[in-house]
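Colleague: I have a structure I would like to understand better, so I am pasting it below and will then ask my questions one at a time.
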Amino acid sequence: MESDWIAGLIGGLMIGGAAAIYLLGNARIMGASGIISGLLDVAATPAWAERAIFAAALIATPAILVRSGMGDASPAIAGTGVMILAGLLVGFGTRLGNGCTSGHGVCGISRMSRRGIVATLTYLLTGGIAVIVARMLGWS
Amino acid sequence: MLRLMIAALAGGLFGAGLLISGMTDPAKVRGFLDVFGTWDPTLAFVMGGAILPMAIAWRVAARRKRAVTGHDLPNPPQGPVDGRLIAGSAMFGAGWGLAGLCPGPAMASLGFGGPAFVTFFVAMVTGMAVFKAWDGRR
């Protein structure tokens, strides 16, 4: 358990370090949902290329680590139907609310943004409720 | 060119951090959100660890005009807390709790997670496209 916390802290520092590099290097806010939805605007702009490279590195690095035995793949906790419902909610919701765990959580809270704090408290609350509901319905 | 290299470095470090921290493990995410069950506080360490370097970065950014690549540093607007923010975040949280995946880890899992993770990712991108179409027509 404690080793999980240490791994969490180290991984968290890496996530925050990545966000810091993106801000101070490229003047960009590292929000995963914004970067992914930005890829849907398939216009060959410099911003699109930047997002594409970011996404490629984001996919390749953990895949290489898992394949070389330096990390573990984890099983899904829900069946196909729930995965589709959850994916639709996450996709629509992060665009409506303009951010997710990285944008509102990491980048927002670190500058004491009211929007980031309110968003984070909201998704933590509904996330907790969803876990309870899923258990009651036997979904996970 | 430097801009793209920095994007690759940030994306790679983000992906490695998500894997090492346990954010790509849906059971771990569920354990963190399961406050009334057997609560697993790991993700609080992830969040705390991630906020620390970024809080320093914002302080550095406040004292500089431009980023390394010469672009103006963003001066993020302090927008209003409105219904869209709350409703969107509420929907996002519900999906996050159901699948144990948020956008960053969903993308980071594409190369090793397997079909269930790909299904989630495709549905998520579909949800983003649906939002775009809906928002554009309003």
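What follows draws every value from the coordinates through simple rules; no lab data is involved. Computed from a predicted model, the values in this text were never measured in an experiment. Every residue, glycine among them, receives a Cβ derived from its backbone with ideal geometry; neighbour counts consider all protein chains shown.
Colleague: Please compute the Cα-Cα pair-distance distribution of the protein assembly as shown with 10 Å bins starting at 0, giving whole percents from short to long.
Modeller: Result, from short to long distances: 8, 32, 40, 18, 3, 0 percent.
Colleague: Okay, moving on. Can you sort A:Ile117, A:Ile84, B:Ile51 from fewest to most other Cβ atoms within 10 Å of each residue's own Cβ?
Modeller: A:Ile117, A:Ile84, B:Ile51
Colleague: In whole angstrom, how far apart do the alpha carbon centroids of the range A:97-130 and the range B:20-51 sit?
Modeller: 15
Colleague: Let me know the longest stretch in chain B that avoids all chymotrypsin sites (Phe, Trp or Tyr not before Pro) found in a DSSP loop with at most 13 other C-beta atoms within 10 Å.
Modeller: B:40-138
Colleague: Additional query: Can you sort A:Glu2, A:Glu50 from fewest to most other Cβ atoms within 10 Å of each residue's own Cβ?
Modeller: Sorted ascending by nearby Cβ count, the order is A:Glu2, A:Glu50.
Colleague: Please report, in Å, the Rg and the Dmax of chain A, where both are computed over Cα atoms only.
Modeller: Cα only, chain A: 16.7, 47 Å (Rg, Dmax).
Colleague: Mind checking the full-extension length gain between B:Ala55 and B:His71? Use 0.36 nm per residue of separation minus the Cα-Cα distance, one decimal, nm.
Modeller: 3.7 nm
Colleague: Can I ask one more? May I ask you to sort B:Arg30, B:Arg137 by Cβ crowding, counting other Cβ atoms within 10 Å and putting the fewest first?
Modeller: B:Arg137, B:Arg30
Colleague: Here's something else I'd like to know. What net charge is computed for the residues neighbouring A:Met30, neighbours being all others with C-beta under 12 Å from the C-beta of A:Met30, Lys and Arg scored +1, Asp and Glu -1?
Modeller: +1
Colleague: Let me ask something else about it. Got a sec? Charge dipole of the protein assembly as shown, +1 on Cβ for Lys and Arg, -1 for Asp and Glu; which of B:Gly100, A:Thr126, B:Gly111 is way out at the positive end?
Modeller: A:Thr126
Colleague: Here's a follow-up. Could you please tell me the mean projected area of the C-alpha convex hull for the range A:76-140, averaged over all directions and given in square nanometres to one decimal?
Modeller: Convex hull of Cα atoms, orientation-averaged projection: 4.5 nm².
Colleague: Please tell me the relative contact order of the range A:76-140 in percent, rounded to the nearest whole number, where contacts are Cα pairs under 8 Å and at least six residues apart.
Modeller: 32
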